[in-house]
1. Being modelled with pLDDT under 95 and hydroxyl-bearing (Ser, Thr, Tyr) is the filter here; which residues of the stretch 1-40 pass it?
2. Residue check: is TYR204 buried (at least 19 other Cβ atoms within 10 Å of the Cβ) and of a type in the set (Phe, Trp, Tyr)?
3. Just need a number here: residues in the stretch 218-237 that are within 13 Å of HIS118 (Cα to Cα) and either assigned to a strand (DSSP E or B) or touching a helix residue (DSSP H, G or I) at 6+ places or on another chain (Cβ under 9 Å) (or both).
4. May I ask you to list pairs of residues, at least six apart or on different chains, whose Cβ atoms are under 9 Å apart, with the first in the stretch 88-117 being closer than 15 Å to HIS192 by Cβ and the second being among the hydroxyl-bearing types (Ser, Thr, Tyr)?
5. Looking at the stretch 37-60, I want the residues that are farther than 22 Å from MET174 by Cα and have a partner that is modelled with pLDDT under 85 with Cβ atoms under 7 Å, at least 6 apart or on another chain. Which pairs are those?
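The values are calculated or read from the model by the stated rules, or taken from the named source; none is laboratory data. This one's a predicted model, so the numbers in the text were calculated from it and none came from an experiment. Positions of Cβ are backbone-derived with ideal geometry, glycine not excepted, and every protein chain shown enters the neighbour counts.
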Amino acid sequence: MSVRLRGTDSAIQIRWIPKYTTLERFLHWVHTATFIPLALTGFILFAPFLQPVAQGEAGTQIRLIHRIAAILFGGVPIIYAILQPRRMLINLREFLSFTKYDVLWVKNAVPYYVLGRHHDMPPQPRFNTGERMTALVMILGTATFGITGLSMWFLKSIMPTVLYQLMVLVHDLMFIITFAMFLIHFYLAVIHPMMWQSLVSMRYGVVSESYAREHHAMWYYGEKRAKEMWERRHSES
């Protein structure tokens, strides 16, 4: 793809590399669109100072919105597993793959994202350490919300009080964890100036070749070559 520079006769050539399928992008936005009302209604039900709002007819409507959003939210991984099972397994395998390079990523993340020090950032696969951590939190959160939410919804009348209170506690704690991770993910994917192509990839399914080289070297060059390049660069510095 050629992009002409404004006000000149020059053009630059950009090579776009596919990262996400159409289904993955669609389900990602469905997950986001359902997580936001889930978080808002859940916070109203969770926060003690908002309890008056959660009473009466208003409370009934809030719970209805929460449950409808929860069904759609929980349906996303099910649809993904049915329509693209192989792709889902490939992603899950990568989400669960952590090495010493991920420890280095966490160690150098703040200097990189705050100060722009890219030199010490280790090579990353198609999903960097932060993306994999976010994915695992969301996977665990979805499963936890499903178990605790369905139990509170359908088994409240027959469940022991202590068990019900435990379900509420676990549900609320997982909400805090997932919401905190969502805010970090939103900042890095939408607001942070160096990560703007992550938003492009979720809109169009592609990233530029230069972005892939810089942020996902293991994916672009291959794991072995990317590690050799990084180790050589650091041995020379």
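1. Selection gives SER2, THR8, SER10, THR32.
2. Numbers: buried (at least 19 other Cβ atoms within 10 Å of the Cβ): no; of a type in the set (Phe, Trp, Tyr): yes.
Against the criterion (buried (at least 19 other Cβ atoms within 10 Å of the Cβ) and of a type in the set (Phe, Trp, Tyr)), TYR204 does not qualify.
3. Of the residues in that region, 1 qualify.
4. Filtered contacts from the stretch 88-117: ALA109/THR129.
5. Going by the 7 Å Cβ cut-off, there are no qualifying pairs.
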